[in-house]
Amino acid sequence: MSKPLPVAVLGGTGYVAGEFLRLLVGHPALTLAAVSSDSRAGQPLATAFPNLGSAFGDASFCDEAGLEAAVRDGRVRALFCAAPHGAAAARVDALLHAAATAGAPLTVVDASADFRFRDPAAYQRVYGHPHPCPQRLAEFASALPEHTAGKPAPHVGHPGCFVTSVLLAIVPLLRAGLATPEFFVAAVTGSTGAGRKLAETTHHPERHANLFAYQPLTHRHRPEIEQLAAEAASACQVRFVPHSGPWARGIHATVQGRLALPATATDLRAALAEAYAGSPFVEVVDAPPRIKDVAGSNRARLAVATDGESLVVMSVLDNLVKGAAGGALQWLNRLLDLPEDAGLRLPGPAWT
């Protein structure tokens with residue numbers, strides 16, 4: 001085996017960063033070069049991620065100046081960005097500039113929302129402030145690896161977890177002309193989807209044994225879903241209502257629409273199965289899927305139902321893995337000319 005490629009993590013103390021580090025432990029062709037966190041610089045990685053234990057020996061967090069120095073010295077070949085949206089773009093821009101100045105190749109996959117919109121005006125409409133570095137947007141593609149072949153751009157802004165669950169369900173049906181271009185989505189996510197920082201809606205007494213919707217029909221992921229569906233298949237409208245669920249990890253999305261032409265559940269299932277025949281992480285199943293089928297893994301499961309007029313696609317995935325760190329690693333593998341499933345074949349624990 002050739003020498004492993006060094007990968008760094010920017011913004012490395014959140015749940016998504018922790019999952020990316022966990023996946024790196026078993027990756028056959030990538031190795032950890034640095035993890036940045038100004039608030040924890042100098043502290044061992046295990047102070048933020050006790051579950052990783054001694055997986056990375058005595059490795060410690062560095063500050064962003066240390067990460068930039070590693071990039072300039074050519075000690076980092078690829079970067080996974082887990083910084084929050086709004087803060088990620090400027091940091092990524094600075095590291096790409098440092099790499100270019102030093103003549104060092106650097107491939108970036110960003111898990112924030114900062115590089116998901118091609119149009120800076122669209123970003124500003126959704127997030128309420130100008131894009132920090134609009135000149136970089138053309139260098140980033142945003143799409144699911146299951147829906148886009150090859151390397152669409154030098155870098156990737158990975159779609160969000162809700163977005164992934166919905167796009168997996170609707171894009172094949174739009175491509176096949178089986179669904180009219182309007183969908184109604186009720187999707188429930190676990191508490192890790194809100195990140196590590198404590199808020200009223202993520203506080204355990206509020207979340208435990210509870211279920212509630214938030215930002216119905218106005219959530220920021222709706223325009224992202226519609227943009228990426230239009231680019232992957234055709235224009236559509238998505239009526240999106242996200243919910244907070246009482247578990248830690250996993251998304252269950254129920255996607256409802258109307259048939260565009262007569263079709264049975266067998267027809268719908270066949271269209272999904274054909275679309276994902278070459279995709280190692282998307283499974284089409286007969287019975288409604290469950291979150292515990294996929295939690296902890298990079299797999300997604302889809303099932304369908306129809307009454308001859310309306311259709312339903314049920315989609316489940318792990319929001320931290322397939323919806324974030326694992327999907328991003330899929331892209332990083334491809335951009336680095338590695339097998340797309342490298343380091344991602346691990347099964348989930350099932351009983352979480």
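Given H placed 1.01 Å from N in the peptide plane, which residues other than close sequence neighbours of LEU79 have an amide H under 5 Å from its amide H?
ALA8, THR107, VAL108, VAL109
Assuming R0 = 41 Å, what is the FRET efficiency of LEU198 and ALA230, from their Cβ-Cβ distance, to the nearest 0.05?
Details: r = 37 Å, r/R0 = 0.89.
E between LEU198 and ALA230, to the nearest 0.05, is 0.65.
Just to be sure I understand: with springs between alpha-carbon atoms less than 10 Å apart, which residue in THR189, THR13, THR201 has the highest mean-square fluctuation in the Gaussian network model of the chain?
THR201
Given 0.36 nm per residue, what is the gain on full extension from ASP58 to ARG72 after removing their alpha carbon distance, in nm?
On the way: separation 14, 0.36 × 14 = 5.04 nm, distance 2.33 nm.
Gain on extension, ASP58 to ARG72, equals 2.7 nm.
Tell me the per residue accessible area of the chain using a 1.4 Å probe; a whole number in Å² is fine. The partial results should precede the final answer.
Details: 14490 Å² over 352 residues.
Heavy-atom accessible area per residue stands at 41 Å².
Between beta-carbons, use under 13 Å as the cut-off and find the net charge around LEU178, counting Lys and Arg +1, Asp and Glu -1. Mind dumping the intermediate values first?
On the way: positive: ARG175, ARG258, ARG269; negative: ASP267, GLU274, GLU309.
Net charge around LEU178: 0.
I'd like the orientation of helix 88-102 relative to the chain: the angle between its Cα long axis and the longest Cα principal axis, in ° from 0 to 90, rounded to 10.
50
For the residue pair ASN210 and GLU182, what label-to-label distance in nm results when each label sits 7 Å from Cα along the Cα-to-beta-carbon direction?
Rounded to a tenth, the inter-label distance reads 3.4 nm.
Build a GNM of the chain with springs between Cα atoms under 10 Å: which of LEU198, LEU32, LEU320 gets the top mean-square fluctuation?
Taking springs between Cα atoms under 10 Å, the residue moving most is LEU198.
Could you tell me which residue out of GLY160, ALA263, HIS203 lies farthest along the dipole of the chain toward its positive end? Charges go on the beta carbon: Lys and Arg +1, Asp and Glu -1, centred on the Cα centre.
Projecting each Cα onto the dipole axis, the largest value belongs to HIS203.
Which whole-number percentage describes the relative contact order of the chain, with Cα contacts under 8 Å and a sequence gap of 6 or more?
On the way: 761 pairs, mean separation 59.4, N = 352.
In percent, rounded to a whole number, it is 17.
Ignoring ligands, DNA and RNA, what percent of the accessible area of the chain is carbon or sulfur (1.4 Å)? Spell out each step's value before the answer.
On the way: 7880 of 14490 Å².
For the chain, the apolar C and S fraction of the accessible surface comes to 54 percent.
If R₀ is 45 angstrom, what is the calculated FRET efficiency for the pair GLU309 and ALA41, using the beta carbon separation as r and rounding to 0.05? Spell out each step's value before the answer.
Numbers: r = 58 Å, r/R0 = 1.30.
Once rounded, the FRET efficiency stands at 0.15.
What spacing in nm lies between the two simple spin-label points modelled at TRP351 and ASP286, each 7 Å away from Cα in the Cβ direction?
In this crude spin-label approximation the distance works out to 2.6 nm.
Identify which of the listed values of log10 I(q)/I(0) by the Debye sum over Cα atoms at q = 0.08, 0.10, 0.13, 0.14 Å⁻¹ was calculated from the structure shown: (1) -0.37, -0.58, -1.00, -1.16; (2) -0.44, -0.69, -1.10, -1.22; (3) -0.60, -0.79, -1.09, -1.18.
Entry (1).
Enumerate the calculated ³J(HN,Hα) couplings along the range 50-67 in order (Karplus 6.51 cos²θ - 1.76 cosθ + 1.60, θ = phi - 60°), each rounded to whole Hz, writing x wherever the residue is Gly or Pro.
x, 5, 7, x, 9, 4, 10, x, 9, 4, 10, 5, 10, 8, 5, 5, x, 5
May I ask for the longest run of the chain untouched by GluC sites (Glu not before Pro) that are loop-located per DSSP and have at most 15 neighbouring C-beta atoms (other than their own) within 10 Å? Before the final figure, lay out the partial values.
On the way: sites that count: GLU200, GLU309.
The answer is 1-199.
Simple spin-label model, 7 Å along Cα-to-Cβ: LYS151 to ASN51 in nm?
Those two pseudo-labels are separated by 3.2 nm.
Scan around ARG258 for amide H atoms under 5 Å from its own, H built in the peptide plane at 1.01 Å from N, and keep only partners 5 or more places away or cross-chain.
Those qualifying (amide H under 5 Å, at least 5 residues apart or on another chain) are THR180, GLU182, LEU311.
Can you compute log10 of I(q)/I(0) for the range 290-347 with the Debye formula, treating each Cα as one identical point scatterer, at q = 0.21 Å⁻¹?
-0.77
Using only helices, what value at 222 nm comes out for the chain when you add -39,500 (n - 2.57) per DSSP H run of length 4 or more and divide by the total residues, to the nearest 500 deg cm²/dmol?
Values: 9 runs with 95 residues, N = 352.
My calculation for the chain gives -8000 deg cm²/dmol from helical runs alone.
Averaging sequence separations of C-alpha pairs under 8 Å and six or more residues apart, then dividing by the length of the range 74-199, give the relative contact order as a whole percent.
Numbers: 140 pairs, mean separation 26.5, N = 126.
So the answer I get is 21 percent.
The values are calculated or read from the model by the stated rules, or taken from the named source; none is laboratory data. Here the structure is a predicted model, which is why all the values come from computation and not from measurement. Glycine also receives a Cβ, built like all others from the backbone with ideal geometry; neighbour counts cover every protein chain displayed. For the accessible areas, the whole protein counts, side chains as well, though only heavy atoms, and no ligand, DNA or RNA atoms are used. Shrake-Rupley method; radii C 1.70, N 1.55, O 1.52, S 1.80 Å.
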